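I have placed the structure first, in the form of structure tokens, so that the comments after it can refer back to it.
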Amino acid sequence: MDTFAHLHEYDRGVAPVVAKSRDYEAGEANPFHAHPTAQLLYAVEGVMVVTTRDGCWIVPPTRGIWLPPQVSHSVRMVSRVLMRTIYVREDVQEGLPDQCQVVAITPLLRELMLAAMKVEVQYAPNSRDERIMLLILDEIRTLPVLPLSLPLPSSPALRDICATLQAKPDMTAPVSTWARQAAMDERTLQRRFSRETGLTFGQWRRQVRLLAALERLAAGGGVLEVALDLGYASPSAFATMFKRELGVSPSHFFAVNEVAPEASR
């Protein structure tokens, strides 16, 4: 049985750009699957965690994630999610990203996407509906990329370390401990980690803690509770790290713009 048969009207490329609306409850998940079109997933409300074989991304409210065509991915809903999706056919993807990335959604793109949810799958050429869809492409090309990814290494030994730290991001064991676990010296571990992920081991550990913090805050955790659970000395130390990485305080980051969600299809 095709689990995603209900999506084929949208992702088979009937039109260059197609929009779809769907809402999910907290804890729901879409198992690994891929589309022939690229996708922009947008959370009007709620938080998603998107996983591919190369890494994972957390998508907070009012942000989006770009997925190129044929990228196998799963989506887990941390909280109730009002998901709005744009499907983009391959022949109109010039100038669009060629890799997965979390992006900031501009006010203009947000309004265009909400308007697009009312456009039928097969719209007339040179119509207002088509102009809305093509303007969406122009906006996607300008979106700021957010540092909300966690790249995964390819080698099994390093993946085992990453799996442990993802499950327990508050662990503070030194590099030497992880090197012994992987049966290699510290310099080799550092070198291989940088080569396979593009991050140093220390950078990767900070990133896994940041994404864990985002997920816990999104699920309703308080700053004090999250900071202490993840091993920070104080809420102010956590807030300083958060602002350094994302440019704003935790409370400001999760301030959802007031958008009246349209009815789902």
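Rule-based calculations on the coordinates, nothing more; no lab input. Every value quoted in this text rests on a predicted model; they were computed, and no experiment measured them. Neighbour counts are summed over all protein chains in view; Cβ atoms, including those assigned to glycine, are modelled from backbone coordinates with ideal geometry.
Structure notes:
- Each peptide among 177-185, 31-39, 14-22 gets the average number of other Cβ atoms lying within 10 Å of its residues, and from highest to lowest they stand as 14-22, 31-39, 177-185.
- DSSP-loop GluC sites (Glu not before Pro) across the range 72-121, with at most 13 other Cβ within 10 angstrom: GLU94, GLU120
- Dividing the radius of gyration of the alpha carbons in the range 1-125 by their Kirkwood radius gives 0.93 for Rg/Rh.
- Convex hull of alpha carbon positions in the range 143-219: directionally averaged projected area 5.7 nm².
- Residue (of LEU112, VAL47, ALA19) at the positive-pole extreme of the range 5-146, dipole from beta-carbon charges: VAL47
- Set of lysines with alpha-carbon distance to LYS118 below 16 Å, sequence-local pairs under 8 removed: LYS20
- Over the chain, the ratio between the Cα radius of gyration and 2.2 N^0.38 Å evaluates to 1.07.
- Shape class for the range 94-152, computed from the alpha carbon gyration tensor (a ≥ b ≥ c): prolate, with a/c not under 1.5 and a/b above b/c.
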